[in-house]
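> Below is the structure I would like to discuss, written out as structure tokens.
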Amino acid sequence: MQLLEDVESWRAWCDEQRARGRTIGLVPTMGALHEGHVSLFRAAKRNGDLVVATLFVNPRQFHDQRDLAAYPCTRGTDRVAAERHGVDCLVEPTLAQMWPDYPAPTATTVSVGALGDSFEGLGRPGHFNGVASIVAKLFVVTGPCRAYFGEKDFQQLAVVRQMARDLSFRVDFVACPIVRDADGLALSSRNAQLSGDARRRALVLSRALVEVREHPDTASGHRRRLAAALGTDVDVAYADVVNPISLRPLHDDDEGPGRALVAAMVDGVRLIDNGTVELVKEER
Ligand code: PAF
């Protein structure tokens, strides 16, 4: 596995591979790799791409500096995991390389407007601008044929897709299904912060999503069912049923498919999850 940190070597390596006719699959990460990331590496390998993974904790997508400081750093084990799971080139760019002016704001920011303002964007102003800006930079330097993102961060996926459409990036997106523990909890680097009891209570999120997936209903029917299934044991931030591309909340006369999005605080840990729902259209 090639290990690079310098932007020009990274760009040159990718240019050379493309010149040889090889396709590049990009897996952007912030490290603290778990099975969810591994599923992205595997998908990229299966598609026959050369796998380039980036490991960069992007400060511009953190609203709260305490969150940034607390972000887990597991460089050594991340490198081992990347190599073991087929990454051909792991890029660990420095902050100075990626954002030479940081902490001063950049003059140019990629913003996807309203798509980034709702749900996860509500309590974290600027978060999705930070994500869209860094992913655009990763695309520019890597020149990938395909980019691999997990459906766990469903809004992030919608945001980066919109960004690529609007800026005419020639990148195919591969959305990989959420990886779950045997009991249904969606894998997240935050799960490590859950105590035994909090982890048990956190299961209400995935169970609520199963509940709505198994009962086709109108949008408002799904919302009621979600709210009932989530209950009061966790502090729900949002639970909604949206169009999977625009993330616009669905109405009862909308056609499917829909996506249920949920977020909750469980013992001070913010968890998100999502899943498909089948919509039954209410005739007017
Ligand atoms: O999902 C993440 O780890 C990050 O938001 C990403 C896509 C690597 C951008 O920093």
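> Return the residue satisfying two criteria in turn: it lies in region 103-139 and is part of a loop (DSSP other than H, G, I, E, B) and in contact with a helix residue (DSSP H, G or I) (Cβ under 6 Å, 6 or more places away or on another chain), and of such residues it is nearest to the ligand (Cβ to nearest atom).
Initial filter on region 103-139 (part of a loop (DSSP other than H, G, I, E, B)): 103-112, 117-118, 122-126.
So of that shortlist, the ones also in contact with a helix residue (DSSP H, G or I) (Cβ under 6 Å, 6 or more places away or on another chain) come out as 109-112.
Working: Thr109: 14, Val110: 12, Ser111: 15, Val112: 14 Å.
Only one residue tops the list, namely Val110.
> I've got another one for you. Look at region 140-159 and say how many of its residues are under 18 Å from Asn47 (Cβ atoms), hydrophobic (A, V, I, L, M, F, W, C) and within 11 Å of the ligand (Cβ to nearest atom).
Residues of region 140-159 that are under 18 Å from Asn47 (Cβ atoms), as a first pass: 142-151, 157.
Next, from what is left, pick out any that are hydrophobic (A, V, I, L, M, F, W, C): 145, 147, 149, 157.
From what's left, within 11 Å of the ligand (Cβ to nearest atom): 147, 149, 157.
Result for region 140-159: 3.
> A further question on this structure: Is region 134-144 home to any residue that is hydrophobic (A, V, I, L, M, F, W, C) and at positive phi? Talk me through it step by step, then tell me what you get.
First pass over region 134-144, keeping only residues hydrophobic (A, V, I, L, M, F, W, C): 134-136, 138-141.
In the following step, the residues that additionally are at positive phi were identified as none.
No, there is no match, as no residue in region 134-144 is hydrophobic (A, V, I, L, M, F, W, C) and at positive phi.
> Of the numbered conditions (1) in a helix (DSSP H, G or I); (2) within 15 Å of the chain's Cα centre (by Cα); (3) of a type in the set (D, E, K, R), Lys152 satisfies every one except a single condition; which is it?
Evaluating Lys152 over (1) in a helix (DSSP H, G or I); (2) within 15 Å of the chain's Cα centre (by Cα); (3) of a type in the set (D, E, K, R) leaves (1) as the failure.
> Right, another one. From the residues in region 3-36 that are of a type in the set (Gly, Ala, Ser) and in contact (Cβ under 8 Å) with a residue 60 or more places away in the chain, which one is surrounded by the fewest Cβ atoms within 10 Å (Cβ to Cβ)?
To start, the set of residues in region 3-36 that are of a type in the set (Gly, Ala, Ser) comprises 9, 12, 19, 21, 25, 31-32, 36.
From what is left, the residues that are in contact (Cβ under 8 Å) with a residue 60 or more places away in the chain are 25, 32, 36.
Working: Gly25: 28, Ala32: 19, Gly36: 21.
The extreme case among them is Ala32.
> Could I ask something else about it? Look through Phe128, Phe139 and report the one residue that is within 28 Å of Tyr238 (Cα to Cα) and of a type in the set (Phe, Trp, Tyr).
On the way: Phe139 fails: within 28 Å of Tyr238 (Cα to Cα).
Criteria check complete, one pass: Phe128.
> For region 37-50, how many residues meet the condition of being away from the ligand (no atom under 14 Å from the Cβ), surrounded by fewer than 23 Cβ atoms within 10 Å (Cβ to Cβ), small (Gly, Ala, Ser) and under 28 Å from Leu185 (Cα atoms)?
1
> Residues Phe173, Phe169, Phe128: which one is in contact (Cβ under 8 Å) with a residue 40 or more places away in the chain and either in contact with a strand residue (DSSP E or B) (Cβ under 9 Å, 6 or more places away or on another chain) or under 28 Å from Ala208 (Cα atoms) (or both)? Working first, answer last.
On the way: Phe173 fails: in contact (Cβ under 8 Å) with a residue 40 or more places away in the chain; Phe169 fails: in contact (Cβ under 8 Å) with a residue 40 or more places away in the chain.
Going through Phe173, Phe169, Phe128 in turn, the sole match is Phe128.
Conditions tested, residue by residue: (1) acidic (Asp, Glu); (2) part of a loop (DSSP other than H, G, I, E, B); (3) at negative phi.
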site: Arg161; (1), (2), (3): no, no, yes
site: Arg170; (1), (2), (3): no, yes, yes
site: Asp197; (1), (2), (3): yes, no, yes
site: Arg200; (1), (2), (3): no, no, yes
site: Val204; (1), (2), (3): no, no, yes
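> I'd like the residue in region 42-68 that is in a loop (DSSP other than H, G, I, E, B) and within 19 Å of the chain's Cα centre (by Cα) and, out of all such residues, is nearest to Gly268 (Cα to Cα).
First, the residues of region 42-68 that are in a loop (DSSP other than H, G, I, E, B): 47-49, 56-58, 62-64.
From what is left, the residues that are within 19 Å of the chain's Cα centre (by Cα) are 56-58, 62-64.
Working: Phe56: 25, Val57: 22, Asn58: 23, Phe62: 17, His63: 17, Asp64: 14 Å.
Ranking the qualifying residues of region 42-68, first place goes to Asp64.
> Being at pLDDT 95 or above, away from the ligand (no atom under 16 Å from the Cβ), among the β-branched types (Val, Ile, Thr) and not in a loop (DSSP other than H, G, I, E, B), is that true of even one residue in region 80-96?
Checked against the condition, which is being at pLDDT 95 or above, away from the ligand (no atom under 16 Å from the Cβ), among the β-branched types (Val, Ile, Thr) and not in a loop (DSSP other than H, G, I, E, B), region 80-96 yields at least one hit.
> If I go through region 51-63 residue by residue, how many of them are more than 21 Å from Ala104 (Cβ to Cβ), within 13 Å of the ligand (Cβ to nearest atom) and of a type in the set (A, V, I, L, M)?
At the first step, the residues of region 51-63 found to be more than 21 Å from Ala104 (Cβ to Cβ) are 51-55.
Subsequent filtering for residues that are within 13 Å of the ligand (Cβ to nearest atom) retains 52-55.
Now restrict to residues that are of a type in the set (A, V, I, L, M): 52-53, 55.
Residues in region 51-63 being more than 21 Å from Ala104 (Cβ to Cβ), within 13 Å of the ligand (Cβ to nearest atom) and of a type in the set (A, V, I, L, M): 3 in total.
> Let me ask something additional. When the residues of region 184-195 are narrowed to those that are in a helix (DSSP H, G or I) and not hydrophobic (A, V, I, L, M, F, W, C), which ends up farthest from the ligand (Cβ to nearest atom)? First the steps, then the outcome.
Taking region 184-195 first, the residues in a helix (DSSP H, G or I) are 189-193.
From the residues that got through so far, the ones that are not hydrophobic (A, V, I, L, M, F, W, C) too are 189-191, 193.
Details: Ser189: 9, Arg190: 12, Asn191: 15, Gln193: 17 Å.
Here the answer is Gln193.
> Right, here's the next one. For region 172-183, enumerate the residues that are assigned to a loop (DSSP other than H, G, I, E, B) and either within 12 Å of the ligand (Cβ to nearest atom) or surrounded by fewer than 19 Cβ atoms within 10 Å (Cβ to Cβ) (or both).
In the first step, residues of region 172-183 are kept if they are assigned to a loop (DSSP other than H, G, I, E, B); the result is 177-179, 181-183.
Correct list: Pro177, Val179, Asp181, Ala182, Asp183.
> Can you tell me which of (1) closer than 28 Å to Ser111 by Cα; (2) away from the ligand (no atom under 13 Å from the Cβ); (3) modelled with pLDDT of 95 or more; (4) among the basic types (Lys, Arg) is the one Arg66 doesn't meet?
Here Arg66 meets the rest and fails (3).
The values are calculated or read from the model by the stated rules, or taken from the named source; none is laboratory data. It should be emphasised that the depicted structure is a prediction, and the values quoted were computed from it without experimental measurement. When we count neighbours, we look across all protein chains shown, and the Cβ atoms used for this are built from the backbone with ideal geometry, even at glycine.
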